[in-house]
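Chemist: After the structure tokens below, expect a handful of questions from me.
Each reported figure results from applying straightforward, stated rules to the coordinates on display, with no laboratory input. For clarity, every value in this text was computed on a predicted model and none was experimentally measured. Neighbour counts are summed over all protein chains in view; Cβ atoms, including those assigned to glycine, are modelled from backbone coordinates with ideal geometry.
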Amino acid sequence: MTDIFTGTRGFIFDCDGTLLDSMQAWNEAEDTLQRMANAPVSPEDATSIHALPIEESAALWHEKYGVGESTEDVLAIEDNVLLSFYRERVEVLPGVRAMLERAQEQGIPCCVVTSSPKRYVQAGLERWGLASFFAEICTTDELGMTKEETAIYEHAMATMGSTPKTTWGFDDAVYAVNTMTRAGIRTVGAFDPNNTSHPFEDLQDAATVAVHSLEELL
């Protein structure tokens with residue numbers, strides 16, 4: 001790995017768009033819900049939908065935009081689209097396996113911090129034999145936190161035994177990069193062209209380092 005990681009004692013990885021090439025499936029699921037909504041989603045709610053635990057975002061779709069007969073209906077719609085995708089079709093992004101293997105060789109523990117349900121993430125990582133590289137999959141729904149709160153990253157660091165100065169975080173979302181920066185963590189902005197919320201230049205401005213692929217860091 002590149003010398004910028006010298007002295008690192010922990011890696012925090014987002015999942016969707018950073019480890020797994022799954023953002024297009026989430027975009028398709030969101031498009032399906034948008035077609036069922038009774039009004040266009042506001043820019044503020046669009047940001048919240050990406051950051052909130054899935055149960056809370058499903059409640060927003062139902063309660064504010066009239067999708068489904070209940071929050072459970074919205075979750076069932078998403079499960080129908082997404083769970084089979086993670087189990088059967090999701091691809092791992094370039095450079096991910098090599099990065100994780102080198103971290104393991106150097107004794108650097110890794111965690112996932114994600115807004116996606118653990119059942120999705122676990123299925124996708126197991127499909128590619130990557131689950132064993134991670135000390136914990138930290139999900140916003142299980143921990144009752146969002147990726148806009150530094151607490152979820154502090155939890156991951158406690159799990160790994162690292163500190164902000166010895167931790168690097170990887171994410172394709174500017175808001176998550178900003179949260180990790182507030183926590184004192186150095187960051188890699190991992191650009192995903194399927195993440196339509198911001199251009200690469202926004203990641204460059206927000207992150208310590210921005211890359212189009214993790215292969216650039218090997």
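Chemist: Can you tally the net charge around Val81? Count Lys and Arg as +1, Asp and Glu as -1, for every other residue whose Cβ sits under 13 Å from the Cβ of Val81. Mind dumping the intermediate values first?
Modeler: Numbers: positive: Arg35, Arg87, Arg89; negative: Glu28, Glu30, Asp31, Glu78, Asp79, Glu88.
The answer is -3.
Chemist: Residue by residue through the stretch 84-90, which ³J(HN,Hα) values in whole Hz follow from phi under the Karplus form 6.51 cos²θ - 1.76 cosθ + 1.60 (θ = phi - 60°), with glycine and proline marked x?
Modeler: Each residue of the stretch 84-90 in turn: 5, 4, 5, 6, 10, 10, 5 Hz.
Chemist: Where the convex hull is taken over the Cα atoms of the stretch 16-120, what is its projected area averaged over directions, in nm²? Don't skip to the answer; put the middle values down first.
Modeler: On the way: hull surface 29.0 nm².
Result: 7.2 nm².
Chemist: Can you give the relative contact order of the chain as a percent, counting alpha carbon pairs under 8 Å and 6+ residues apart? Spell out each step's value before the answer.
Modeler: Details: 389 pairs, mean separation 58.6, N = 218.
In percent, rounded to a whole number, it is 27.
Chemist: What are the ³J(HN,Hα) values, in whole Hz, obtained from phi via the Karplus relation 6.51 cos²θ - 1.76 cosθ + 1.60 with θ = phi - 60°, for each residue of the stretch 179-185 in sequence order, with x given for Gly and Pro?
Modeler: 5, 5, 4, 4, 7, x, 8
Chemist: Tell me, what is a quarter of the convex hull surface for the C-alpha atoms of the stretch 39-79, in nm² with one decimal?
Modeler: Approximately 2.6 nm², given one-decimal rounding.
Chemist: What fraction of the Cα pairs in the stretch 94-218, stated in percent, has a spacing above 24 angstrom?
Modeler: When all Cα pairs of the stretch 94-218 are counted, 23 percent exceed 24 Å.
Chemist: Please compute the length gained on full extension between Asp202 and Ser84, using 0.36 nm multiplied by the number of residues separating them and subtracting their Cα-Cα distance.
Modeler: Once the chain is fully extended between Asp202 and Ser84, it gains 39.3 nm.
Chemist: Put a dot 7 Å past each Cα toward the Cβ at Asp31 and Glu72; how far apart are the dots in nm?
Modeler: For Glu72 paired with Asp31, the spin-label model returns 3.0 nm.
Chemist: For the stretch 85-162, just say rounded, prolate or oblate: build the C-alpha gyration tensor, square-root its eigenvalues into a ≥ b ≥ c, call rounded for a/c under 1.5, and beyond that prolate if a/b exceeds b/c, oblate if not.
Modeler: Verdict is oblate for the stretch 85-162.
Chemist: P(r) for the stretch 130-171: what percent of alpha-carbon pairs falls in each 5 Å bin, starting at zero?
Modeler: Pair shares across the bins are 5, 20, 31, 29, 13, 2.
Chemist: Cut-off 10 angstrom, C-alpha nodes, Gaussian network model of the chain. Which of Leu33, Leu143, Leu100 fluctuates the most?
Modeler: Leu143
Chemist: Once you list every other residue whose beta carbon is under 12 Å from the beta carbon of Lys165, what net charge do they have if Lys and Arg are +1 and Asp and Glu are -1?
Modeler: +2
Chemist: Moving on to the next point. Need one word for the stretch 1-64: rounded, prolate or oblate. Basis is the Cα gyration tensor (sqrt eigenvalues a ≥ b ≥ c); a/c below 1.5 gives rounded, then a/b vs b/c decides.
Modeler: prolate
Chemist: Right, something else. What value does the chain have for Rg/Rh, both radii from Cα atoms and Rh as Kirkwood defines it?
Modeler: Radius of gyration relative to Kirkwood radius: 0.96.
Chemist: Running a GNM on the chain with Cα contacts under 10 Å, which residue among Thr150, Thr167, Thr114 ends up with the highest mean-square fluctuation?
Modeler: Answer for the Gaussian network model of the chain: Thr150.
Chemist: Per the Cauchy relation, a quarter of the hull surface: what is the mean projected area of the convex hull of the alpha carbons in the stretch 144-218, in nm²?
Modeler: Directional mean of the projected Cα hull area for the stretch 144-218 stands at 5.2 nm².
Chemist: While we're here: What value does the stretch 66-129 have for Rg/Rh, both radii from Cα atoms and Rh as Kirkwood defines it?
Modeler: 1.12
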